[in-house]
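No lab work stands behind these numbers, since they all come straight from the coordinates. These numbers were taken from a predicted model, which means no experiment stands behind them. Quick reminder, even Gly has a Cβ in these numbers, built from the backbone with ideal geometry, and neighbours come from all protein chains shown.
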Number of protein chains: 2
Amino acid sequence: MEIGRRERKKQQTRQVISDVATRLFLERGFDAVTVAEVAKAADVAVQTVFNHFPTKEDLFFDETGWWLGPAEAIRNAPPEQNPIDTLEQQYLAVVRGRLANGHLETWREFSRTMAESQALLARRRQIAEEMERTLAAALQERDPEMEPLTARLVAAQFAAAQKVLEDELARIMPAEARPEQLTAANAELERATGKVFAALRRAW
Amino acid sequence: MEIGRRERKKQQTRQVISDVATRLFLERGFDAVTVAEVAKAADVAVQTVFNHFPTKEDLFFDETGWWLGPAEAIRNAPPEQNPIDTLEQQYLAVVRGRLANGHLETWREFSRTMAESQALLARRRQIAEEMERTLAAALQERDPEMEPLTARLVAAQFAAAQKVLEDELARIMPAEARPEQLTAANAELERATGKVFAALRRAW
DNA sequence: CTCCAAAGATGTAGTAACTACAAGATTGGA
DNA sequence: TCCAATCTTGTAGTTACTACATCTTTGGAG
């Protein structure tokens with residue numbers, strides 16, 4: 001009822017823009033590429049880009065959507081499971097997905113590009129904050145007994161932990177990717193993750 | 001050796017710009033005031049504003065400098081004191097200073113103005129991140145035995161806690177300011193602070 | 001006191017991300 | 001077939017910020 005040719009073409013235009021933009025950003029860096037260049041490369045008007053994406057940053061973070069994961073995991077978790085356990089499992093699943101063959105290199109490029117742009121780092125902070133809010137809401141929805149302050153605190157501490165682990169991951173993984181080093185890095189990462197979530201568990 | 005008339009005039013110009021900007025921002029909101037207007041009101045060229053302040057946001061956050069507090073507190077703390085205790089004391093001191101007579105209204109205006117501008121909120125996140133980094137460095141400098149990951153984690157969790165408390169403070173304090181409510185709000189705040197830092201202590 | 005060099009203030013020109021809006025092109029459906 | 005909704009485009013602005021040349025003030029050497 002809504003997927004006529006018109007809508008399809010619209011989505012197609014959007015996809016082309018997003019793909020072209022991503023490619024250019026990864027190739028030359030976010031700050032070095034202008035929206036006008038993206039538009040030209042995608043063969044559309046600059047206005048069309050802004051019709052589909054409110055800001056330049058949205059071109060980069062399009063379709064990643066990871067900020068809903070933790071809240072959804074909490075909502076879908078089995079009734080009696082400890083929230084921290086749920087969050088740890090979800091986090092590990094995400095990270096393992098990233099490190100799986102075929103995704104690793106993509107993730108690295110994303111990570112590197114992001115680290116090189118203040119604008120993208122700022123946007124990541126904003127997204128993390130939104131993730132934190134939705135997580136706090138999910139936690140409280142899940143357990144209405146929980147004090148709002150507590151829910152916000154747990155969410156904030158999880159967000160903080162996640163950030164530290166992200167940085168750690170970015171520090172460990174870019175170093176040469178030969179298999180034996182990769183498994184070592186993997187072990188190191190699991191250790192760090194365990195430590196971080198252990199602290200979280202102790203706190204609550 | 002460096003405080004001749006020239007330097008004095010320079011600092012004076014800077015101060016005028018900063019004051020005028022702050023006043024305008026508080027009066028009309030950060031986004032509604034342009035740098036050109038600030039320059040005009042301060043009777044200087046637009047360029048001069050940018051000579052003294054790299055970005056518009058720096059005009060707002062000038063001379064607040066709170067992001068060094070925690071790290072300095074750690075560096076200056078008595079040798080055997082628990083870092084979490086140090087941080088709690090420092091935080092309480094800062095908050096009490098803000099709530100002291102004469103500072104409360106100023107803080108409220110700052111807080112409100114900041115909350116109404118995405119640009120300022122983004123900058124606050126960036127500053128918080130810098131605070132976190134300097135704190136992590138101070139923690140590790142203080143106790144070289146500490147694993148870097150641990151130092152980063154403690155700093156991150158403190159930053160997260162601080163953020164939650166800031167939001168809580170902003171939520172509690174704007175409500176009517178009559179003395180009896182103020183003491184009630186104060187008690188509520190102390191309770192929240194105690195709870196937050198207790199969790200931090202449990203974690204480490 | 002004079003005058004020069006450095007440093008601060010100014011003005012001009014330009015870039016890039018957006019916004020508002022009017023006008024053109026395409027498409028779904030009557 | 002044709003109209004109306006919707007997507008796309010082009011034009012004209014606004015604003016933060018940069019580069020750079022020029023003007024003005026000032027501290028200090030002679």
- request: Could you pull the copy-to-copy label distances for A:Ser111, with points set 7 Å along Cα to Cβ, in nm to one decimal and sorted shortest first?
  value: 3.9
- line: Under 5 Å from the placed amide H of A:Met146, counting only residues 5+ away or on other chains, we find none
field: HN-Hα J in Hz across region A:51-64 - Karplus 6.51, -1.76, 1.60, θ = phi - 60°, x for Gly and Pro
entry: 5, 9, 10, x, 9, 4, 4, 5, 5, 7, 8, 4, 6, 8
- prompt: Residue farthest toward the positive end of the dipole of chain A, with Cβ of Lys/Arg at +1 and Asp/Glu at -1: which of A:Ala203, A:Leu189, A:Thr64?
  reply: A:Thr64
- line: Of the DSSP H helices in chain A, the ones reaching 18 Å or more along their long axis in Cα terms and averaging at least -1.0 in Kyte-Doolittle hydropathy are A:83-99, A:118-142, A:148-172, A:179-203
message: Please give me the summed charge of the neighbours of A:Ala151: other residues whose Cβ is under 13 Å from its Cβ, Lys and Arg +1, Asp and Glu -1.
response: -3
query: Can you list, shortest first in nanometers, how far B:Ala198 lies from the same residue in the other copies, with each label 7 Å from Cα toward Cβ?
result: 2.5
query: Which shape class applies to region B:90-148: rounded if a/c is under 1.5, otherwise prolate when a/b exceeds b/c and oblate if not, where a ≥ b ≥ c are the square roots of the Cα gyration tensor eigenvalues?
result: oblate
- prompt: Per-residue mean of other chain beta-carbon atoms within 10 angstrom of the beta-carbon, peptide B:153-162?
  reply: 6
- prompt: Taking square-rooted eigenvalues a ≥ b ≥ c of the alpha carbon gyration tensor, is region B:50-117 rounded, prolate or oblate, where a/c under 1.5 means rounded and, failing that, a/b exceeding b/c means prolate?
  reply: oblate
query: Quick one: A:Lys56, A:Lys195, B:Lys9, A:Lys10, fewest Cβ neighbours within 10 Å first, how do they rank?
result: B:Lys9, A:Lys10, A:Lys195, A:Lys56
- prompt: In debye to the nearest 20, how big a dipole does region A:1-125 give about its Cα centre with +1 on each Lys and Arg Cβ and -1 on each Asp and Glu Cβ?
  reply: 380 debye
Point-charge dipole on Cβ atoms (K/R +1, D/E -1) for the protein assembly as shown, about Cα centre, debye to 20: 760 debye
message: I need the calculated FRET efficiency for the pair A:Arg191 and B:Asp19, taking r as the beta carbon distance and R₀ as 35 Å, to the nearest 0.05.
response: 0.10
- request: Identify, among B:Ala156, A:Thr113, B:Ser111, the residue whose Cα sits farthest towards the positive end of the charge dipole of the protein assembly as shown, taking +1 on the Cβ of Lys and Arg and -1 on the Cβ of Asp and Glu, with the dipole about the Cα centre.
  value: A:Thr113
- prompt: Measuring label to label, 7 Å along Cα→Cβ, what does A:Ala36 give against each other copy in nm, shortest first?
  reply: 2.0
- prompt: Given the pairs A:Lys163/B:Lys56; B:Lys10/B:Lys163; A:Lys40/B:Lys163; A:Lys9/A:Lys56; A:Lys163/B:Lys10; A:Lys56/A:Lys163, which span a C-alpha to C-alpha distance of over 31 angstrom in this model?
  reply: B:Lys10/B:Lys163; A:Lys40/B:Lys163; A:Lys163/B:Lys10
query: Once a ≥ b ≥ c are taken as the square roots of the eigenvalues of the Cα gyration tensor of chain B, is the result rounded (a/c under 1.5), prolate (a/b larger than b/c) or oblate (a/b not larger than b/c)?
result: oblate
